[in-house]
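To start, the structure under review is shown below, and the notes come after it.
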């Protein structure tokens with residue numbers, strides 16, 4: 001896997017490596033695509049990062065992803081508060097360390113409105129579902 005990951009970061013082999021990750025390596029390949037798109041590798045190759053994000057938007061790629069990557073992608077793409085809230089049980093059940101990034105971003109109480117001082121996710125403040133989801137995912141991530 002490290003060989004393919006390295007090849008995806010190399011401009012001379014990136015296209016072929018990204019194709020392998022997308023189409024031939026199952027959930028493990030999709031995990032690497034996720035890391036290229038949103039993880040620590042983003043800065044190393046903007047081309048690979050952009051192509052990985054593009055690949056992850058494809059239905060057939062999403063369907064081969066692990067449940068953890070699926071829910072993480074769902075959280076990233078949901079735009080309405082209710083959409084995010086509906087995903088919390090799935091995140092609690094399937095999320096991993098990668099899922100914590102979009103979950104923790106939901107803790108911010110500012111970022112919307114005219115001066116970006118309003119809460120973007122007010123529906124998440126009505127109960128402790130977000131906090132309990134973060135706690136569950138954190139506990140599972142530490143156990144691995």
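Annotations for the structure displayed:
- For region 99-121, the set of residues classified as in contact (Cβ under 8 Å) with a residue 12 or more places away in the chain, part of a helix (DSSP H, G or I) and farther than 18 Å from residue 89 by Cβ consists of 101 only.
- For region 35-55, taking the residues that are touching a residue at least 24 places away in the same chain (Cβ under 8 Å) and either out of contact with any helix residue (DSSP H, G or I) (no Cβ under 8 Å at 6 or more places or on another chain) or surrounded by fewer than 22 Cβ atoms within 10 Å (Cβ to Cβ) (or both), the one that is nearest to residue 16 (Cα to Cα) is identified as 47.
- Exclusive hit being more than 16 Å from residue 37 (Cβ to Cβ) and either in contact with a strand residue (DSSP E or B) (Cβ under 7 Å, 6 or more places away or on another chain) or surrounded by 14 or more Cβ atoms within 10 Å (Cβ to Cβ) (or both), set 74, 82, 96, 119: 119
- Among the residues examined, residue 124 qualifies as assigned to a helix (DSSP H, G or I), more than 17 Å from the chain's Cα centre (by Cα) and at pLDDT 95 or above.
- The selection criterion, being assigned to a helix (DSSP H, G or I), out of contact with any helix residue (DSSP H, G or I) (no Cβ under 8 Å at 6 or more places or on another chain) and closer than 20 Å to residue 28 by Cα, holds for residue 140.
- Filtered by the rule that a residue be touching a residue at least 40 places away in the same chain (Cβ under 8 Å) and closer than 17 Å to residue 65 by Cα, region 78-91 gives a lone residue, 91.
- Contact map, region 10-23: residues that are free of Cβ contacts under 8 Å to residues at least 12 places away in the same chain paired with residues that are surrounded by 14 or more Cβ atoms within 10 Å (Cβ to Cβ), Cβ distance under 6 Å, separation 6+ or inter-chain. Pairs shown: 13/7.
The values are calculated or read from the model by the stated rules, or taken from the named source; none is laboratory data. Not measured: the values here are computed from a predicted model. Virtual Cβ from ideal backbone geometry, glycine too; neighbours counted across all protein chains shown.
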